[in-house]
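Some notes on the structure that comes next.
Just so it is clear, none of the values below were taken in a lab; they were calculated from the coordinates. Quick caveat: nothing in here was measured; it's all calculated off a predicted structure. All Cβ positions, glycine included, derive from the backbone under ideal geometry; neighbour counts span all protein chains shown.
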Amino acid sequence: MSQELAGKVAVITGGASGIGKATVELFVAEGARVVIADVDSEKGEALARSLGDAARFKRTNVTSAEDLEALVAFADSTFGALDVMYNNAGISSAPYLRFVDDELKDFQKIMEVNVLGAARSSTPRPWAAHCRAGAWCPTAPPRRR
């Protein structure tokens, strides 16, 4: 590997399995230190252990603003900085077979994780105080009055 991410710190949501897991493994192979954020503690902790000192796990529900703020603080306190935020967390409708008959409860959960979770993870509020200059973290344009 080229070590393109050497010295960088990344947070990867949905990092315990699937595309997120592959991304965590690639980022570590490229030299990054990674915080794996996921609701699946068992898989997340196992992945972090398998990657050694370059990875840590933090149970995070992306639908919770408090969890996201705690995640960023954890990344900063653990690795001393934050350079990359990779919003990967998502769920599919496959486990929710009651979609038509459930008064949209399953649809609401999917939208909370896939849309609102990504939106919350992308707003500058939790990240602003922890991102290094030049980091690939969410930013927002100045507010107009």
- Task: Give the residues of the range 43-63 that are free of Cβ contacts under 8 Å to residues at least 12 places away in the same chain and either basic (Lys, Arg) or closer than 23 Å to Asn114 by Cβ (or both), sorted by residue number.
- Result: Arg49
- Query: How do the pairs read when you match residues in the range 2-31 that are under 20 Å from Glu45 (Cα atoms) and touching a residue at least 60 places away in the same chain (Cβ under 8 Å) with residues anywhere that are of a type in the set (S, T, N, Q) and part of a helix (DSSP H, G or I), using Cβ under 8 Å and keeping only pairs 6 or more apart or on different chains?
  - Reply: Ile12/Thr23; Thr13/Ser121; Gly15/Thr23
- Note on the structure: Residues of the range 45-66 being out of contact with any helix residue (DSSP H, G or I) (no Cβ under 9 Å at 6 or more places or on another chain) and crowded, with 16+ Cβ neighbours inside 10 Å, in sequence order, are Glu45
